[in-house]
Amino acid sequence: MKSEIRKTNKERRTKMSCEEVAEKSSAAARLFLESSIYKNARQIMLYMPLGNESDTSLILNAAFNDKKTVLLPVTDAKSGEITAYEVCKDTVFEKGAFSIQEPQSAKKADMSKTDVVIVPGIAFSKSGARVGFGKGCYDRLLAHTDVVKVGFCYDFQVFEGIIPEEHDVRMDFLVTEKGLFKCE
């Protein structure tokens, strides 16, 4: 089932126009920025979008302006381990593992001080189950943290009946262009 969801949603996301990505990403970002989750966070981890993933740049810029500590992931291509790095407006980025922009001029962050992690995915359920790319990178990162986990996606990426596997880490909230939802 997960492989079919991955295929279908990747295709649908690929067909989105730049305008549609910008419009839906901005709407979701504004909903998140208005939430108490964001307002109460001091340290927040985001991701750099790949292809037509929901764009987090509005949140990134707002967090810088609001003087929040911002973290971005660097993924080891062999092990799939994610390490969080603290970034600022002057951080230099290069394509890293999986062709994702990663910070190069940044210091390793203390994840224990992180309040919120914005998590990418291919699909999510209303109960917080997540379908990623199948490598388990975020599951390993989030399994040992006590943070608020927010799935950031388009409304069409929310499905009923995704059955999580034992190692899958559930989201606490989902944010789409249509709303911010607490996972059941």
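Could you identify the single residue in THR91, THR75, THR69 that is crowded, with 17+ Cβ neighbours inside 10 Å, closer than 23 Å to SER25 by Cα, in contact with a strand residue (DSSP E or B) (Cβ under 7 Å, 6 or more places away or on another chain) and among the hydroxyl-bearing types (Ser, Thr, Tyr)?
On the way: THR91 fails: crowded, with 17+ Cβ neighbours inside 10 Å; THR75 fails: closer than 23 Å to SER25 by Cα.
The conditions single out THR69.
Among the residues of region 93-102, is there at least one that is in a loop (DSSP other than H, G, I, E, B), more than 16 Å from the chain's Cα centre (by Cα) and of a type in the set (A, V, I, L, M)?
Within region 93-102, none of the residues are in a loop (DSSP other than H, G, I, E, B), more than 16 Å from the chain's Cα centre (by Cα) and of a type in the set (A, V, I, L, M).
Of all residues in region 59-78 being touching a helix residue (DSSP H, G or I) at 6+ places or on another chain (Cβ under 6 Å) and not in a loop (DSSP other than H, G, I, E, B), which is farthest from ILE100 (Cα to Cα)?
Within region 59-78, the match that is farthest from ILE100 (Cα to Cα) is ALA62.
May I ask you to say which residue of SER54, SER35 is within 16 Å of THR176 (Cβ to Cβ) and surrounded by fewer than 17 Cβ atoms within 10 Å (Cβ to Cβ)?
SER35
If a residue has to be aliphatic (A, V, I, L, M) and either in a strand (DSSP E or B) or surrounded by fewer than 19 Cβ atoms within 10 Å (Cβ to Cβ) (or both) to count, how many in region 119-166 make the cut?
Residues flagged as aliphatic (A, V, I, L, M) and either in a strand (DSSP E or B) or surrounded by fewer than 19 Cβ atoms within 10 Å (Cβ to Cβ) (or both) within region 119-166 amount to 8.
Please work out if ASP76 is acidic (Asp, Glu), touching a Ser or Thr at 6+ places or on another chain (Cβ under 8 Å) and under 27 Å from PRO164 (Cα atoms).
So ASP76 fits the description; yes.
Is it true that some residue in region 12-33 is at pLDDT below 95, under 17 Å from PRO120 (Cβ atoms) and among the charged types (D, E, K, R)?
Checked against the condition, which is being at pLDDT below 95, under 17 Å from PRO120 (Cβ atoms) and among the charged types (D, E, K, R), region 12-33 yields at least one hit.
The values are calculated or read from the model by the stated rules, or taken from the named source; none is laboratory data. Since we're looking at a predicted model, the values are computed, not measured. Note: ideal-geometry Cβ built from the backbone for every residue, glycine included; neighbour counts use all protein chains shown.
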